[in-house]
Amino acid sequence: MDTLHAALAWLDPLFIAPYRLPGNAVVGFVLGTAVLALWCIMLGSALSLCATRLNRRRLAELRHGMEHHHKLSEAALRAGDKESYKAVNSQAHDAFGHYFSLGGAMFCVSIIPLPFALAWMDMRFAGATPELPWDAPLIGQQPSIVFWFLLLYIPLRITYANVMSRTGWFTRLQAWAATPPPGTIPGAAPGVGDSACRGSRGSRATPASQIHQARHDSQDGG
């Protein structure tokens, strides 16, 4: 805790500078908090890109597993093989669950800066936040720093995402971060894409044989 306090005290001149730019205290608080929120968004975005780069192989394996098993489930459905459809569809759902969980972890990485920003704001503005002209339900007349920070952070994050999604260099950076190493597919992780990889090793693998293999893997895993 002492280390965190020392680090925040060391960063204090940087963080407090935008708050002191306007002459009005309330305007300064809003401006400074908006700048702090934007810094958190930018740092979180950079951390998320790093996490994506570090996990790009696993992301590609899970994405490949979802797509492959989804195609096999459609083939089984067209063939009228309900048992194989259920087995392959179950594997597709498993792959989606793993992919969704990893995506949630990536989001958590992007909000790592928030607790530190809020800790600094608490150190600086605890009990000294702007007051509302009325007593609002749930938040009172003097909302906490969490309220003021999130009030600015959420719309800024949405705006940042919309702007950066239209920025060429950033979209290329995202694509680079998500590009898996050569040879990742085929070669999926055990339990998710094994059958997909075995089915894609050669052109001789037919949809029927892939469905049969996926059904066999599902029964073994059950």
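The values are calculated or read from the model by the stated rules, or taken from the named source; none is laboratory data. This one's a predicted model, so the numbers in the text were calculated from it and none came from an experiment. Ideal geometry is used to build each Cβ from the backbone, glycine not excepted, and the neighbour counts take in all protein chains shown.
Remarks
- Subset of the stretch 119-162 (residues that are modelled with pLDDT of 85 or more and of a type in the set (Gly, Ala, Ser)): ALA119, SER144, ALA161
- No other residue among ALA87, ALA92, ALA105, ALA76 is of a type outside the set (Phe, Trp, Tyr), assigned to a helix (DSSP H, G or I) and exposed (fewer than 15 other Cβ atoms within 10 Å of the Cβ) apart from ALA105.
- If the condition is being in contact with a Pro (Cβ under 7 Å, 6 or more places away or on another chain), in contact (Cβ under 8 Å) with a residue 60 or more places away in the chain and either hydrophobic (A, V, I, L, M, F, W, C) or not in a helix (DSSP H, G or I) (or both), then the stretch 1-59 contributes VAL26, PHE29, CYS40, LEU43.
- Options LEU77, LEU38; residue that is over 18 Å from THR179 (Cβ atoms) and modelled with pLDDT of 95 or more: LEU38
- Only residues that are farther than 18 Å from PHE107 by Cβ, within 16 Å of the chain's Cα centre (by Cα) and of a type in the set (S, T, N, Q) were counted in the stretch 130-178, giving 1.
- With respect to being farther than 19 Å from SER101 by Cβ, of a type outside the set (Ser, Thr, Tyr) and in a helix (DSSP H, G or I), HIS70 falls outside the description.
- Only listed residue being surrounded by 17 or more Cβ atoms within 10 Å (Cβ to Cβ), closer than 25 Å to LEU152 by Cα and modelled with pLDDT of 90 or more, chosen from LEU21, LEU14, LEU43, LEU31: LEU31
- Single match in ALA177, ALA196 (criterion: out of contact with any Gly (no Cβ under 6 Å at 6 or more places or on another chain), outside any loop (DSSP other than H, G, I, E, B), modelled with pLDDT under 95 and more than 30 Å from TYR19 (Cβ to Cβ)): ALA177
- Filtered residues of the stretch 75-97 (kept if within 30 Å of the chain's Cα centre (by Cα) and among the hydroxyl-bearing types (Ser, Thr, Tyr)): SER90
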